[in-house]
Amino acid sequence: MEDRKLTVRAVERALDILLCFTRDSDLSLTEIAGRINLHKSTVHRLLTTLEEKGFLLRNEATDKYRLGIRVWELSTHLPTLDEPAVLLLPAMERLRDRLGETVSLYLRDDLERVRIQAVQSHQAIRRVAQIGARLPLSVGASSKVLAAYAPSEVQVRLLADPSWPESVDRSLYLEQLREITRRGYATSFEERESGAAAVAVPIVGRSGKVVAALSLSGPVSRLSQETLQQYAVILAENAAEMGLMIG
């Protein structure tokens, strides 16, 4: 019985290591150990195993690790034909070409949002969005859209979350959520990143429920409040069409 527990624990730790790469593409042994709160000697053994199996690659010049070819091979077998990230990509590209800014697609995963698709702007100064990034629901246009249309029990747990940032007033946040459901979109100005602005709208699937958030982001020098309000109308029109394609 003890051996079985140890084996499961080792698997959990190995998966924790792989999950470290949802936010960064290159990480050192020290960085990984700090993130999963394990001794470096233990992490080193797990990294060695993952590297030998092809799930990680180590850059000998920097001594940092990144995801290996085995991860990509597994991903190619995922059922993708009906996934929003695949189905909505052409429409997102057309929206990017029309408005000239980065377009992203987010899903809510409990108290976080996950960027499952992104189409980067072609402009020299642009908002670069990394696919797979996990972000809190407390700040950002897409976060507030997903929170506004989430079940009330999710909102309660969100506001009670110990990781809630002190800089965000809970009462004001709730007022913003109510306003979002009234007008149908959310905006943000440098809430999460200095110099960045965004607007987001909900995507309502065929089931009648909000299944994702569609956002447009870029530098504040191009995205004024008036511009974001104008773009919100265009995003909402596109989101309505996208919703007919997904459940």
Over segment 125-247, what number does the Rg to Rh ratio reach, with both radii from the alpha-carbon atoms and Rh per Kirkwood?
-> 0.95
Sorted largest first, the Cα spans of segment 187-228 on the principal axes come out in Å as 38, 20, 11
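Per DSSP H run of at least 4 residues, take -39500 (n - 2.57); add these up for the chain, divide by its residues and hand me the 222 nm value, nearest 500 deg cm²/dmol.
Helix-only estimate at 222 nm: -13500 deg cm²/dmol.
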Virtual spin-label span in nm between SER221 and VAL154, 7 Å along Cα→Cβ = 3.6
How many Å³ per residue does the convex hull of the Cα positions in segment 203-247 occupy?
-> 64
So how far apart, in nm, are the two label points at GLU179 and GLU60 if each is 7 Å from Cα heading toward Cβ?
-> 5.7
Long-range share for the chain, i.e. C-alpha pairs more than 27 Å apart as a percent of all pairs, stands at 45
At each listed q (0.10, 0.18 Å⁻¹), what is the log10 of I(q)/I(0) that the Debye formula gives for segment 91-191 modelled as equal alpha-carbon point scatterers?
-> -0.30, -0.89
Measuring from label point to label point, each 7 Å out along Cα→Cβ, what is the LEU29 to ARG9 span in nm?
-> 2.2
How long, wide and thick is segment 140-185, going by the Cα atoms along their three principal axes, in whole angstroms, largest first?
-> 29, 21, 17
When all protein chains stay in place, what accessible area (Å², nearest 10, 1.4 Å probe) is found for THR22?
-> 40
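Taking the chain, how many lysine pairs are there with alpha carbons less than 28 Å apart, if each pair must be eight or more places apart or span two chains?
Lysine pair count for the chain: 6.
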Within segment 188-221, the residues whose backbone N lies under 16 Å from a label point placed 7 Å from the Cα of ASP109 along the Cα-to-Cβ direction are 212-213
What one gets for segment 14-129 as the Kirkwood radius, inverse of mean 1/r over different Cα pairs in Å, is 16.5
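The values are calculated or read from the model by the stated rules, or taken from the named source; none is laboratory data. What you see is a predicted model; the values in this text were computed from it and never measured. As a convention, Cβ positions derive from the backbone with ideal geometry for all residues, glycine included, and neighbour counts pool all protein chains shown. When the accessible area is computed, the model is the full protein with side chains, heavy atoms only, and any ligands, DNA or RNA have been set aside. Shrake-Rupley method; radii C 1.70, N 1.55, O 1.52, S 1.80 Å.
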